[in-house]
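What follows is a single structure, written as structure tokens, with notes after it.
The values are calculated or read from the model by the stated rules, or taken from the named source; none is laboratory data. Here the structure is a predicted model, which is why all the values come from computation and not from measurement. Positions of Cβ are backbone-derived with ideal geometry, glycine not excepted, and every protein chain shown enters the neighbour counts.
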Amino acid sequence: MKKIAILGSTGSIGTQTLEVVDNNDDIQVTALAAGSNIVLLEQQIRKYRPSLACVWEDDKAKELREKIKDLDVKVVSGMDGLIQAAVEPEAELVVTAVVGMIGIRPTIAAMEAGKDIALANKETLVTAGHIIMPLARERNVNLLPVDSEHSAIFQCLNGEDKRAVHKLLLTASGGPFRGWTKKQLADVKLEDALKHPNWAMGRKITIDSSTMVNKGLEVMEARWLFGVEMDQVQVVVQPQSVIHSMVEFEDGAVMAQLGTPDMKLPIQYALYYPERRFLPGDRLDFAALKQISFEAPDMEAFRGLQLAYEAGCRGGSLPTVFNAANEYAVAKFLKREISYLTITDMIQAAMEHHKVVEQPDVNEILAAEQETYEFIESRW
């Protein structure tokens with residue numbers, strides 16, 4: 001019986017992780033953590049019976065305690081509670097599916113406790129990869145990627161000499177605005193940006209996909225996860241979303257991982273690695289597919305991707321500023337407080353304003369995040 005904790009259990013990745021649990025009979029959930037959706041969290045607690053549950057907001061945690069007082073489940077809250085969920089003694093593996101930089105401290109705590117990580121919180125590596133990767137080696141824990149693109153690369157590298165990697169080819173669907181000009185993007189409305197052509201995801205990541213900022217974050221994540229340089233990660237637009245990413249080796253051979261756009265595949269692969277198991281769902285029908293097409297990304301129209309490369313190449317605390325500015329800007333766009341293109345304007349302004357810290361520790365990373373929020377608030 002494999003025992004897991006899920007941080008972010010009521011979100012898109014968290015709920016799909018529990019679907020994988022439902023499809024198998026040898027996974028036990030020992031801890032669940034959520035933001036504020038205590039209605040769904042209560043349902044999950046009653047179904048999976050974890051020993052511990054965390055709610056980010058204190059008042060919601062108090063409300064949940066009352067709702068489940070008939071159960072023997074400890075309810076905790078805030079960052080301390082999230083860390084308690086991450087280090088829950090029985091869990092062997094922690095699924096980090098929270099959104100944002102709040103995932104850094106619990107991920108570090110889980111690794112220090114010797115737990116493997118099924119990583120769905122890309123901000124952890126984007127902002128703290130220089131801390132996380134050495135810690136993984138020191139503690140001898142596995143970092144198992146849950147993002148479909150990083151899982152694809154991870155699968156392509158199975159059994160291969162990683163020193164023979166020449167390039168990582170990170171695929172992107174292009175989002176709902178593929179082929180649009182910057183002038184066209186100026187009139188984008190929230191409803192349009194939330195309509196992804198291929199994937200069903202949370203609101204924040206769906207906006208990130210539409211701006212291609214998400215792909216920029218994935219480039220920075222891949223740089224750390226697979227030990228390559230930024231210029232060895234190339235983004236390729238593949239609109240059908242059936243090639244999830246590729247690896248080019250020194251001899252020119254290219255290996256690709258293909259499949260239907262279903263996040264349960266990389267989730268299940270991370271949970272059971274190195275074992276593969278049957279997964280219900282659609283299969284690729286190549287006769288019906290007929291063709292797979294490729295394009296280069298438009299870095300001028302989708303400036304967020306170019307800014308991500310600049311942040312990743314400069315390194316230090318600049319990726320934190322890139323990420324924090326995007327989080328802040330997307331939150332404002334989701335509230336209809338700014339226009340679509342203002343998202344990248346905010347990111348660029350924050351990056352230009354920031355004085356880079358070369359090897360930031362966790363406190364300096366979080367300080368850079370707060371500084372970025374304050375700067376943007378003072379400007380917009």
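If you go through segment 227-264, how many residues are in contact with a Pro (Cβ under 9 Å, 6 or more places away or on another chain) and of a type in the set (A, V, I, L, M, F, W, C)?
4
Take Trp224 and tell me if it is aromatic (Phe, Trp, Tyr) and either in the same structural domain as Ile347 (by TED's automatic domain parsing) or at pLDDT 95 or above (or both).
Yes.
Yes or no: Gly114 within 27 Å of Lys2 (Cβ to Cβ), surrounded by fewer than 15 Cβ atoms within 10 Å (Cβ to Cβ) and not assigned by TED's automatic domain parsing to the domain that holds Arg276?
yes
Could you check segment 1-114 for helices (runs of 4 or more DSSP H) lying wholly inside it with 2 or more residues that are modelled with pLDDT of 95 or more, under 18 Å from the mean Cα position of the chain (by Cα) and of a type outside the set (S, T, N, Q)?
Filter on segment 1-114 gives 12-22, 78-86, 104-112.
Based on this model, can you work out whether Val330 counts as in contact with a Ser or Thr (Cβ under 6 Å, 6 or more places away or on another chain) and either closer than 27 Å to Arg178 by Cα or among the β-branched types (Val, Ile, Thr) (or both)?
Spelling it out, it is not the case that Val330 is in contact with a Ser or Thr (Cβ under 6 Å, 6 or more places away or on another chain) and either closer than 27 Å to Arg178 by Cα or among the β-branched types (Val, Ile, Thr) (or both).
I'd like to verify a number: residues in segment 333-346 that are part of a helix (DSSP H, G or I) and either buried (at least 18 other Cβ atoms within 10 Å of the Cβ) or not assigned by TED's automatic domain parsing to the domain that holds Leu366 (or both), how many?
So the first thing to find is which residues in segment 333-346 are part of a helix (DSSP H, G or I), and the list is 333-334, 342-346.
Going one step further and asking which of them are either buried (at least 18 other Cβ atoms within 10 Å of the Cβ) or not assigned by TED's automatic domain parsing to the domain that holds Leu366 (or both), we end up with 333, 343-344, 346.
Residues in segment 333-346 being part of a helix (DSSP H, G or I) and either buried (at least 18 other Cβ atoms within 10 Å of the Cβ) or not assigned by TED's automatic domain parsing to the domain that holds Leu366 (or both): 4 in total.
Give all pairs with beta carbons closer than 8 Å in which a residue from segment 43-61 that is over 16 Å from Val94 (Cα atoms) meets a residue that is among the polar types (S, T, N, Q) and at pLDDT 95 or above; count only pairs at least 6 apart in sequence or on separate chains.
Within 8 Å, the pairs are Gln44/Ser9; Gln44/Thr10; Val55/Ser77; Trp56/Ser77; Glu57/Ser77; Asp58/Ser77; Lys60/Ser77; Ala61/Ser77.
Is it the case that Met255 is crowded, with 18+ Cβ neighbours inside 10 Å and either assigned by TED's automatic domain parsing to the domain that holds Gln155 or modelled with pLDDT of 95 or more (or both)?
Taking the combined requirement at face value, the residue does not satisfy it.
Determine which single condition Ala325 fails, assuming it passes every other condition in (1) buried (at least 23 other Cβ atoms within 10 Å of the Cβ); (2) under 21 Å from Ser173 (Cβ atoms).
Status for Ala325: all satisfied but (2).
Evaluate the following for Gln238: is it among the polar types (S, T, N, Q), more than 30 Å from Asp187 (Cα to Cα) and more than 14 Å from the chain's Cα centre (by Cα)?
Answer is no for this residue.
Might you let me know whether segment 300-314 holds any residue that is more than 30 Å from Ile108 (Cα to Cα) and among the aliphatic types (A, V, I, L, M)?
For segment 300-314, residues more than 30 Å from Ile108 (Cα to Cα) and among the aliphatic types (A, V, I, L, M): present.
Which ones in segment 94-103 are surrounded by fewer than 24 Cβ atoms within 10 Å (Cβ to Cβ) and either in contact (Cβ under 8 Å) with a residue 60 or more places away in the chain or of a type in the set (Asp, Glu) (or both)?
Matches in segment 94-103: Val99, Gly100, Met101.
Consider only pairs whose beta carbons are under 6 Å apart and that are at least six residues apart or on different chains; among these, list those whose first residue lies in segment 339-357 and is in contact (Cβ under 8 Å) with a residue 12 or more places away in the chain and whose second residue is not in a helix (DSSP H, G or I).
Tyr340/Val188; Leu341/Ala186; Val356/Gly316; Val356/Ser317; Val357/Gly316; Val357/Ser317
Check off (1) outside the structural domain of Leu185 (by TED's automatic domain parsing); (2) not in a helix (DSSP H, G or I) for Ile292 and give me the number that stays unchecked.
(1)
Quick one: which residue in Gln268, Gln257, Gln291, Gln306 is of a type in the set (S, T, N, Q), on the phi < 0 side of the Ramachandran plot and touching a Leu at 6+ places or on another chain (Cβ under 6 Å)?
Working: Gln257 fails: touching a Leu at 6+ places or on another chain (Cβ under 6 Å); Gln291 fails: touching a Leu at 6+ places or on another chain (Cβ under 6 Å); Gln306 fails: touching a Leu at 6+ places or on another chain (Cβ under 6 Å).
Of the residues listed, the single one that is of a type in the set (S, T, N, Q), on the phi < 0 side of the Ramachandran plot and touching a Leu at 6+ places or on another chain (Cβ under 6 Å) is Gln268.
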